[in-house]
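Trainee: Dropping a structure here in structure tokens format, bear with me for questions.
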Amino acid sequence: MAAPRSYRPSPGEIPVDPGVYRFRDDVGRVIYVGKAKSLRPRLSSYFQDTAALHPRTQQMVRTGASVEWTVVRTEVEALQLEYAWIKEFDPRFNVKYRDDKSYPYLAVTLGEEFPRAQVMRGAKRKGTRYFGPFAHAWAIRESLDLALRVFPMRTCSAGVFRRAGQVGRPCLLGYIDKCSAPCVGRIDADHHRAIAEDFCDFMAGDSARFVKRLDVEMRAAAADLDFERAATLRDDIAALERVLEKSTIVLPDGTDADVFGIEDDELETAVQVFHVRGGRIRGQRGWVAEKDAETTPEIIGHLLQEVYGADGDDEIPREVLVPIEPENRPTLEAWLSGRRGSTVRIRVPQRGDKRSLMETVTRNATQSLARHKVARAGDLTARSQALQQLQEYLGLEDSPLRIECFDISHVQGTQVVGSMVVFEDGLPRKSEYRRFIIRGEDETGRTDDTAAMHEVLGRRLHRLAKERDQHALDEETGKPARFAYPPNLIVVDGGLPQVNAAQAVLDEKGVVDVTVVGLAKRLEEVWVPGEDHPLVLPRNSEGLYLLQRVRDEAHRFAITFHRQRRSKAMTASALDGIPGLGEVKRKALLKAFGSVKKMRAATPAELAEVSGIGPTLAAIIAAELSSTGSVPAVNITTGEVLDDE
């Protein structure tokens, strides 16, 4: 670690303008990104007496080896640039707000020709409208089932939808009038999209319009003595009212707001937010983050960046209610207003319904932090103990904070692949995982385990050295290299031969500051290069458990990749190998004709009607298909007919 004074810029070099700054470590990796209204006093504060700094800030400035900054015109620009850099570089010392669970959303895929309503988790997709998040997936399905009486839109998967169209019969929901069955042509795409958009309006809070419309239709049907339809409409109104009952009115004035509650202790901060739309709670979400030297106003400011930085404009309400006014509130309001396209206010409620609701949200945050502490206490202790034990057992100078594990997967020397998984601080870092296709000496991919391990590690260490050099020269863009961060410990899946092969690569590349060990499956022995006998760690030690988790994760990752490549290699089709016919055009043909059999019966002119297929290519396809006869495309392993139905 470098002493902070070794890279401290002189105060005269630092401008007093607003801007964003980055700290880098000795290998050029960005470890912290921050913004400041005036760069000079903010950066100077990091280089005061380190004893006066927060322990985490002390560790950051001691880990750093350089600092750089970018001047901007306004604080709003600094806010935007800081958020962009945090997302790009993922600095290890910036506060990370982790969802305390993977919340489900009700999603409507408006980007599809026939929009579908479904439960979704994970990253948001373009062209899809989301409602929630909800606490439980069953709550979404229950509400959706009730709403389908009035909004009979599609909920089936693409495969079920396509199959229903082929056989000409809708699914059960189509028969009981909970789906308008566009798959069999009962309604066209425009009519179905109108139903989906009405459903989205209802879920977004415009519920009174639909209840009033149904009530008018019910009374008109009763006046015409059509009592059967009037009863159906009455049940539809009851269904919508039950959906509305599930989201109780908490703000009687129909407010659209996000209400935040915060609870913290010396180490961590828990946050809860209630999404209120039309006066009703439409969703709830929570985060837990490690606490730094930041004050509560600074925490709230960073939290709002995290919550609203990636969401669409329609996700930002007109009002954001927080327990304490954030740092630079006018700047945040200007940023949020720019993203929403209309005015957004950040307020601290003092009394009334909004204050009462915030107290409820804060109680939820208190309970969330308590649950997190109970679940996390054992995990933190176990991880710290595991890293300390590995340091002692393997004779390392420091705890192995970054562990990389490599595994090889193949079937009798074919389709050989390798995997690399990364654990940092005892936890998997999946964004750093890598997969390797083994080439072999003769470029055929056939090789044994030790040669494959030698190739994988050689490529990894070659990239490490190469990207370190490139990164050192890349001062303008500051792009992080994918392999530029070195491991403290390399684990290979295998015994002494695999370990010796790995050590040979380290020796060839001149790497002397990385330890390599192997973990054999049979007796869970730890092999060290050059030793005739393995280390036997206690069976109940946390260090052994960590090595096993790393090894098993590498094995899973390699097996998954190997199965993907093997399945692809074992799948044959009559369309494969036709010159000029790539994957996109093959999919377009199959979508247009449905099967190879129908393509074989088509004329070149009919083939040329498909988008992307010209007359020349259509003639080639027709000739190739006619030359293959009526042999169907099959899966070589299972014998299943794939597309010649």
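Trainee: Tally up the residues in the range 598-618 that are surrounded by fewer than 18 Cβ atoms within 10 Å (Cβ to Cβ), among the charged types (D, E, K, R) and in a helix (DSSP H, G or I), please.
Mentor: 2
Trainee: Residue check: is HIS533 modelled with pLDDT of 80 or more and open to solvent by 60 Å² or more (accessible area, probe 1.4 Å)?
Mentor: Spelling it out, HIS533 is indeed modelled with pLDDT of 80 or more and open to solvent by 60 Å² or more (accessible area, probe 1.4 Å).
Trainee: Sticking with this structure for a sec: In the range 91-133, how many are in contact with a Pro (Cβ under 8 Å, 6 or more places away or on another chain) and at pLDDT below 80?
Mentor: Going through the range 91-133 one residue at a time, the tally reaches 6.
Trainee: Consider ARG355 against the criteria (1) under 30 Å from VAL499 (Cα atoms); (2) open to solvent by 40 Å² or more (accessible area, probe 1.4 Å): it satisfies all of them except one. Which criterion is unmet?
Mentor: Only one criterion in (1) under 30 Å from VAL499 (Cα atoms); (2) open to solvent by 40 Å² or more (accessible area, probe 1.4 Å) is unmet by ARG355, namely (1).
Trainee: Could I ask something else about it? Taking the range 393-431 on its own, how many of its residues are without any contact (Cβ under 8 Å) to a residue 12 or more places away in the chain and either assigned to a helix (DSSP H, G or I) or open to solvent by less than 60 Å² (accessible area, probe 1.4 Å) (or both)?
Mentor: The total comes to 2.
Trainee: Mind checking which strands (runs of 3 or more DSSP E) fall wholly inside the range 233-347 and carry at least 3 residues that are modelled with pLDDT under 85 and either crowded, with 19+ Cβ neighbours inside 10 Å or not charged (D, E, K, R) (or both)?
Mentor: So the answer is 268-277, 280-290.
Trainee: While we're on this one: Could you list, in sequence order, the residues of the range 1-31 that are among the hydroxyl-bearing types (Ser, Thr, Tyr), outside any loop (DSSP other than H, G, I, E, B) and open to solvent by 30 Å² or more (accessible area, probe 1.4 Å)?
Mentor: If the condition is that a residue be among the hydroxyl-bearing types (Ser, Thr, Tyr), outside any loop (DSSP other than H, G, I, E, B) and open to solvent by 30 Å² or more (accessible area, probe 1.4 Å), then SER6 is the only one that fits.
Trainee: Check whether at least one residue in the range 510-521 is touching a strand residue (DSSP E or B) at 6+ places or on another chain (Cβ under 9 Å), closer than 28 Å to GLN385 by Cα and at pLDDT below 85, and report yes or no.
Mentor: yes
Trainee: Looking at the structure I just gave you, is PHE423 at pLDDT 85 or above, in contact with a Cys (Cβ under 8 Å, 6 or more places away or on another chain) and not hydroxyl-bearing (Ser, Thr, Tyr)?
Mentor: When the stated conditions are applied, PHE423 passes them.
Trainee: Considering only the range 52-76, how many residues are under 13 Å from ARG24 (Cα atoms), of a type in the set (D, E, K, R) and part of a helix (DSSP H, G or I)?
Mentor: 1
Trainee: Follow-up question, since we're still on this one. Restricting to the range 141-159, what's the tally of residues that are in contact (Cβ under 8 Å) with a residue 12 or more places away in the chain and assigned to a helix (DSSP H, G or I)?
Mentor: 7
Trainee: Is it the case, given these coordinates, that ALA36 is closer than 17 Å to GLU298 by Cα, at pLDDT 85 or above and among the small types (Gly, Ala, Ser)?
Mentor: Against the criterion (closer than 17 Å to GLU298 by Cα, at pLDDT 85 or above and among the small types (Gly, Ala, Ser)), ALA36 qualifies.
Trainee: Please identify the pairs in which a residue from the range 487-513 that is assigned to a helix (DSSP H, G or I) has its Cβ atom under 9 Å from the Cβ atom of a residue that is open to solvent by 50 Å² or more (accessible area, probe 1.4 Å) and of a type in the set (A, V, I, L, M, F, W, C), counting only partners at least 6 apart or on another chain.
Mentor: Sorted first by the residue in the range 487-513, then by its partner, the pairs are LEU506/VAL512; LYS509/ALA465.
Trainee: Can you pull out the residues in the range 59-79 that are polar (S, T, N, Q) and either open to solvent by less than 30 Å² (accessible area, probe 1.4 Å) or over 16 Å from ASN94 (Cβ atoms) (or both)?
Mentor: THR63, SER66, THR70, THR74
Trainee: Still on this structure, I have one more. Can you find a residue in the range 47-65 that is at pLDDT 85 or above and of a type in the set (S, T, N, Q)?
Mentor: no
Trainee: Further question on the same structure: Name the residues in the range 399-438 that are out of contact with any Phe, Trp or Tyr (no Cβ under 6 Å at 6 or more places or on another chain) and among the charged types (D, E, K, R), would you?
Mentor: ARG402, GLU404, ASP407, GLU424, ASP425, ARG429, LYS430, GLU432, ARG434
The values are calculated or read from the model by the stated rules, or taken from the named source; none is laboratory data. Because the structure is predicted, anything quoted here is derived from the model rather than measured. Positions of Cβ are backbone-derived with ideal geometry, glycine not excepted, and every protein chain shown enters the neighbour counts. Ligands, DNA and RNA are stripped out before the accessible areas are found, and what is left, the full protein with its side chains, is counted by its heavy atoms. Shrake-Rupley method; radii C 1.70, N 1.55, O 1.52, S 1.80 Å.
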